[in-house]
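Peer 1: This is the structure I want to talk about, given as structure tokens.
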Amino acid sequence: MTASSTRPPAVLSDIAAILFDLDGTLISTLQVTEQIYTRHALLHGVDPHAVVHFCHGVPTLQVLERFFPPSMHTPEHAMQLEREAAEQLTGLELIPGARELLASIPADRWAVYTSGMPFLALPRMHHLGVPVPAVMLTPVDVARGKPQPDGYVLAAEKLNADPKKCVVFEDAVAGIRAGVAAGTVVIGVRTLLDAQQLKNAGAAYTVRDMACVSVTASAADGSLIISLDES
């Protein structure tokens with residue numbers, strides 16, 4: 001994988017596949033997520049600001065285990081919060097450029113790996129008109145969630161791609177660390193964090209949103225070429 005030294009734009013070539021996070025990368029769920037965690041934090045005497053700062057891109061059970069009373073450290077409680085979120089479709093938004101970008105990528109060259117359970121992720125995608133790829137991974141598919149690399153490694157494997165020739169789009173620290181640990185090049189999306197915070201977490205590049213990204217296929221070998229406007 002090679003990258004040009006001229007910015008903007010940055011150009012990444014010889015890409016085998018593109019792996020996307022969902023929340024904060026293709027769709028914006030900040031409002032819904034923060035409302036639900038804040039409500040439960042206040043009910044249990046937990047600082048909601050600390051929870052909201054940590055929760056993005058992290059599986060629900062890990063959030064509960066870190067901040068909430070031991071009685072809530074169960075898959076059943078995690079499921080309860082996620083079902084509340086699944087019922088709330090108001091406040092969801094499409095990240096600018098996401099639909100157009102996905103339409104430009106061959107169907108067998110991209111995947112989604114999200115920390116949200118299927119009953120949470122799929123209705124959101126359908127509601128906003130985001131296509132569901134053939135390779136769609138959630139916590140039920142991996143033993144260890146983000147920031148562990150398992151999901152991105154598995155996504156690359158299912159696309160018959162070397163992780164070192166894959167690009168990951170992520171907006172949260174846990175997801176960036178997962179992509180880096182998997183051996184991919186990570187592009188941070190400035191939905192939640194600024195460029196420096198994303199790069200401190202391990203992102204090689206950052207973009208404002210998906211309207212700043214374009215993908216074409218090489219005429220020589222069919223590999224993908226990604227152009228990034230980092231402004």
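Laboratory data are not the source of any read-out in this text; all were calculated from the coordinates shown. Keep in mind the model is a prediction, meaning the values are calculated, not measured. Don't worry about glycine lacking a Cβ; one is built from the backbone with ideal geometry, like all the others, and counts go over all protein chains shown.
Peer 1: Which of [x] 36; [y] 46; [z] 12 is the computed percent of Cα pairs over 34 Å apart for the structure on display?
Peer 2: Evaluating percent of Cα pairs over 34 Å apart on these atoms matches [z].
Peer 1: Kindly identify segment 30-86 as rounded, prolate or oblate by the Cα gyration tensor criterion: order the square roots of the eigenvalues as a ≥ b ≥ c, call it rounded if a/c is under 1.5, otherwise compare a/b with b/c, prolate if a/b is larger, else oblate.
Peer 2: Values: a/c = 1.35, a/b = 1.08, b/c = 1.26.
Judged from the Cα gyration tensor, segment 30-86 comes out rounded (a/c under 1.5).
Peer 1: What full-extension length gain, to one decimal in nm, is calculated for residue 200 and residue 126 as 0.36 nm per residue of separation minus the Cα-Cα distance? Provide the component values of the computation, followed by the final result.
Peer 2: Numbers: separation 74, 0.36 × 74 = 26.64 nm, distance 3.34 nm.
Full extension from residue 200 to residue 126 adds 23.3 nm.
Peer 1: Rounded if a/c is under 1.5, else prolate if a/b is larger than b/c, else oblate: which is segment 95-231, with a ≥ b ≥ c the root eigenvalues of its Cα gyration tensor? Spell out each step's value before the answer.
Peer 2: Numbers: a/c = 1.16, a/b = 1.06, b/c = 1.10.
Rounded, because the longest to shortest axis ratio a/c is under 1.5.
Peer 1: Enumerate the lysines that residue 199 could reach by cross-link, defined here as Cα to Cα under 23 Å, with residues fewer than 8 away along the same chain left out.
Peer 2: Answer for residue 199, where 23 Å is the Cα cut-off: 146, 164, 165, listed by chain and number.
Peer 1: When the chain is modelled as a GNM with alpha-carbon springs shorter than 10 Å, which of 134, 203, 174 fluctuates the most?
Peer 2: Comparing 134, 203, 174 in the GNM, the peak value goes to 134.
Peer 1: OK, next. List the residues whose amide H sits under 5 Å from the amide H of residue 110, counting only those 5 or more places along or on another chain, with H placed 1.01 Å from N in the peptide plane.
Peer 2: 18
Peer 1: With everything on Cα atoms, drop me the angle between helix 118-128 and the longest principal axis of the chain, reported from 0 to 90° to the nearest 10.
Peer 2: Helix 118-128 sits roughly 60 degrees off the main axis of the chain.
Peer 1: Sticking with this structure for a sec: Which residues does the label zone of residue 83 cover in segment 107-126, counting backbone N under 13 Å from a point 7 Å along Cα→Cβ?
Peer 2: Only 119-120 fall inside the zone, counting backbone N under 13 Å.
Peer 1: Provide the gained length on full extension for the span residue 71 to residue 90, in nm with one decimal, where the gain is 0.36 nm per separating residue minus the Cα-Cα distance.
Peer 2: Here the segment from residue 71 to residue 90 would lengthen by 3.8 nm.
Peer 1: Give me the net charge for the shell around residue 76: Cβ to Cβ below 14 angstrom, other residues only, Lys and Arg +1, Asp and Glu -1. Numbers along the way, then the final one.
Peer 2: Details: positive: 83; negative: 65, 82, 84.
Neighbour charge sum, excluding residue 76 itself: -2.
Peer 1: Whole Å is fine, so just give me how far the alpha carbon centre of segment 76-90 lies from that of segment 125-187.
Peer 2: Using only Cα atoms to place each centre, the spacing works out to 22 Å.
Peer 1: Based solely on its DSSP helices, what 222 nm [θ] is calculated for the chain when runs of n ≥ 4 H residues each add -39,500 (n - 2.57) and the sum is averaged over all residues, nearest 500 deg cm²/dmol?
Peer 2: Numbers: 9 runs with 84 residues, N = 231.
Value at 222 nm, helices only, nearest 500: -10500 deg cm²/dmol.
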